[in-house]
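Everything below concerns the one structure shown next.
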């Protein structure tokens, strides 16, 4: 598929899960295609980074389910921060581990998972919809019932995939992308390179095969498709471009020019504009 093909399967009002973590291995080419579409009023589930920031800036988020909104080397995602401060969307705050177990419950089609995450913190106050359960066994421990996160669609980015949707990560962390796909009715994988199935294990062990084809409805080959987030070992985070993004995002007068230069065209136009940006920086 193409990125636009994927977005053509999405509808306004859906619950969309976006894989990756902060400013690491985000399916940014798919997010940019979503920005170009008329799809809106979304519930977004994400370990938030620039995916959340850009969608918030475009006014496409109705509800956000997230543990944070960060660019990693820059602590707070600026568009996320601004949107949160002005109350631009409903926010469901979750502990990082709680969110993982909520995705696990969704993947296993369970109503919730009992977890300790969140107990003893203010999370129970800022997220009053959370409920607790008591262990039916002798310990009688009180636990949080992390509610299942079920998704209409999941968007993830991996290093490699075959055409059937077997997805492979080559970096240091899977970032729960498998859970996003398993908790979704539709899973879409973008990748740096599509390879033959036999080549997936030619240089790397079976533990790198993260996504199973049965949870994937479409594959998109998008070299540099995670930009400006990292997708190691294929490429690191583009720190220079990320700084330029943050500078523009914090300046209401500069942001429209950034959008016009980098986000007004298709993915090929974006990649060409990024190349020109680095030539100018050099």
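The values are calculated or read from the model by the stated rules, or taken from the named source; none is laboratory data. Just so we're clear, the structure is a prediction, and the values are computed from it rather than from any experiment. No Cβ is skipped: glycine too gets one built from the backbone with ideal geometry, and neighbour counts run over all protein chains shown.
Results for (1) at pLDDT 95 or above; (2) over 30 Å from residue 223 (Cβ atoms), shown as yes or no for each residue.
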{"site": "129", "(1), (2)": "no, yes"}
{"site": "136", "(1), (2)": "yes, yes"}
{"site": "178", "(1), (2)": "yes, no"}
{"site": "193", "(1), (2)": "yes, no"}
{"site": "209", "(1), (2)": "yes, no"}
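Of the strands (runs of 3 or more DSSP E) entirely within segment 1-102, those holding at least 1 residues that are closer than 19 Å to residue 188 by Cα occupy 15-18, 42-46. So, of the residues in segment 253-282 that are modelled with pLDDT of 95 or more and not in a helix (DSSP H, G or I), which turns out to be surrounded by the fewest Cβ atoms within 10 Å (Cβ to Cβ)? Checked segment 253-282; the qualifying residue surrounded by the fewest Cβ atoms within 10 Å (Cβ to Cβ) is 253. Listed residues 179, 149, 170, 155; which is crowded, with 22+ Cβ neighbours inside 10 Å, part of a loop (DSSP other than H, G, I, E, B) and within 18 Å of the chain's Cα centre (by Cα)? Selected residue: 149, the only one of 179, 149, 170, 155 that is crowded, with 22+ Cβ neighbours inside 10 Å, part of a loop (DSSP other than H, G, I, E, B) and within 18 Å of the chain's Cα centre (by Cα).
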